[in-house]
Each structure stands twice: as C-alpha cells, then as structure tokens.
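Shown next, in structure tokens, is the structure this report addresses.
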Amino acid sequence: QVQLVESGGGLVQAGGSLRLSCAASGRIFSSYSMGWFRQAPGKEREFVAGISWNSNTDYADFVKGRFIISRDNAKNTVYLQMNSLKPEDTAVYHCARRRFGNPSRAAGEYDSWGQGTQVTVSS
C-alpha cells in the first residue's frame, strides 16, 4: 500500500480558508482515484470529495461550491482547498487511495489511508 500523509490542518475562523495536502510515499499513479473523508466527534466518517484518474471530481453536497479537490501526480500530492469554512466542517480529515479510476463515496472502497489532519473552525 502507498503511504499517505496529510498536512495543512489547523484552527481557522468561520469564513476562512485552509488548504490540505496529502503526500504519497511514492508516485500517485494516474490510473488511481483519490478521496477526502472527514470524521467529527460523535459522527461517522463521511465522504467529502473525490478525484478520478483524469481529474473529474465529485463533492458531497455540504461542501460543493466551497471546497476544491485537485491532484498533482508529478508531485505525488492531492490537495483539498477549503473555502468559506463553517464550524460544522470541524473534523479530522483523511485522504485515501482507491485502486480504480473513479472515486467512490463509500469509505470501504479505499485501500490506503492517511493518518488524518485536524481542522477546527471557530464561530
């Protein structure tokens, strides 16, 4: 399995922005899809965004228009640009790899996960 390490989380006020990065230990092959998930205290892990082998994207309704997922295979990195952050976005954010060209909204479809980075949005 590829090793994934997230970074870029932190504390931000509502309405602010953060950019999360997910760095892979090896090259992220263009044939694989990547996803971002989050888990807040007392809640199940939920899908945030996914990106396909050819950079088609999929977003959860609660982040559409606010977040942007992108990938740079040459830099072995996937990004999540988070804008207009809300307190309800507070969670640990994980990136994940799926050995399929298109992302899934189901966490069980991914075979490699990062350790997560904390995002806290204050009101």
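The values are calculated or read from the model by the stated rules, or taken from the named source; none is laboratory data. Remember, predicted model here, so these are calculated numbers, not experimental data. Here the Cβ is made from the backbone with ideal geometry for all residues, glycine too, and neighbour counts use every protein chain on show. These accessible areas exclude ligands, DNA and RNA; they are computed on the full protein's heavy atoms, side chains included. Shrake-Rupley method; radii C 1.70, N 1.55, O 1.52, S 1.80 Å.
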Discussion item. Criterion first (surrounded by fewer than 19 Cβ atoms within 10 Å (Cβ to Cβ) and part of a loop (DSSP other than H, G, I, E, B)) does S30 satisfy it?
Written reply: yes
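Scanning segment 56-75 for residues that are part of a loop (DSSP other than H, G, I, E, B) and modelled with pLDDT of 95 or more, which turns out most open to solvent (accessible area, probe 1.4 Å)? Explain how you work it out, then say what you get.
Applying the first criterion (part of a loop (DSSP other than H, G, I, E, B)) to segment 56-75 yields 56, 60-66.
Add one more test, that the residue is modelled with pLDDT of 95 or more, and what stays is 56, 60-63, 65-66.
On the way: N56: 89, A60: 8, D61: 128, F62: 76, V63: 0, G65: 83, R66: 27 Å².
If we take residues in segment 56-75 being part of a loop (DSSP other than H, G, I, E, B) and modelled with pLDDT of 95 or more, then D61 is most open to solvent (accessible area, probe 1.4 Å).
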Practice prompt. Return yes when T120 is touching a residue at least 12 places away in the same chain (Cβ under 8 Å), polar (S, T, N, Q) and touching a Leu at 6+ places or on another chain (Cβ under 6 Å) and no when it is not.
Written response: yes
Worksheet item: Does segment 91-98 include one or more residues that are without any contact (Cβ under 8 Å) to a residue 60 or more places away in the chain and touching a Ser or Thr at 6+ places or on another chain (Cβ under 6 Å)?
Response: no
Discussion item. Being under 20 Å from S30 (Cα atoms), charged (D, E, K, R) and over 13 Å from the mean Cα position of the chain (by Cα) is the filter here; which residues of segment 58-109 pass it?
Written reply: D72, K75, R99, E109
Item to complete: Would you mind stating whether G101 is surrounded by 13 or more Cβ atoms within 10 Å (Cβ to Cβ) and under 11 Å from M34 (Cα atoms)?
Response: yes
Response to the item:
Just one listed residue, out of V119, V92, V78, is surrounded by 14 or more Cβ atoms within 10 Å (Cβ to Cβ), assigned to a strand (DSSP E or B) and either acidic (D, E) or touching a helix residue (DSSP H, G or I) at 6+ places or on another chain (Cβ under 9 Å) (or both), and it is V119
Worksheet item: Before we move on, is S104 in a strand (DSSP E or B) and farther than 20 Å from A14 by Cβ?
Response: no
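So how many residues does segment 2-14 have that are open to solvent by less than 40 Å² (accessible area, probe 1.4 Å) and in contact with a Leu (Cβ under 7 Å, 6 or more places away or on another chain)?
Of the residues in segment 2-14, the ones open to solvent by less than 40 Å² (accessible area, probe 1.4 Å) are 2, 4, 6, 8-10, 12.
Remaining after also requiring in contact with a Leu (Cβ under 7 Å, 6 or more places away or on another chain): 6, 8-10, 12.
Number satisfying all stated conditions: 5.
Could you check, for segment 105-113, whether at least one of its residues is in contact with a helix residue (DSSP H, G or I) (Cβ under 8 Å, 6 or more places away or on another chain), farther than 15 Å from V5 by Cα and either at pLDDT 95 or above or buried (at least 19 other Cβ atoms within 10 Å of the Cβ) (or both)? Please lay out each step first, then the result.
Taking segment 105-113 as the starting set, the residues that turn out to be in contact with a helix residue (DSSP H, G or I) (Cβ under 8 Å, 6 or more places away or on another chain) are none.
No, every residue in segment 105-113 fails to be in contact with a helix residue (DSSP H, G or I) (Cβ under 8 Å, 6 or more places away or on another chain), farther than 15 Å from V5 by Cα and either at pLDDT 95 or above or buried (at least 19 other Cβ atoms within 10 Å of the Cβ) (or both).
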Practice prompt. With respect to S17, determine if the residue is loosely packed, with under 15 Cβ neighbours inside 10 Å, at pLDDT below 95 and polar (S, T, N, Q).
Written response: no
Discussion item. I'd like to verify a number: residues in segment 37-55 that are in a loop (DSSP other than H, G, I, E, B) and open to solvent by 50 Å² or more (accessible area, probe 1.4 Å), how many?
Written reply: 8
Worksheet item: Looking at L85, is it out of contact with any helix residue (DSSP H, G or I) (no Cβ under 8 Å at 6 or more places or on another chain), open to solvent by less than 60 Å² (accessible area, probe 1.4 Å) and part of a loop (DSSP other than H, G, I, E, B)?
Response: yes
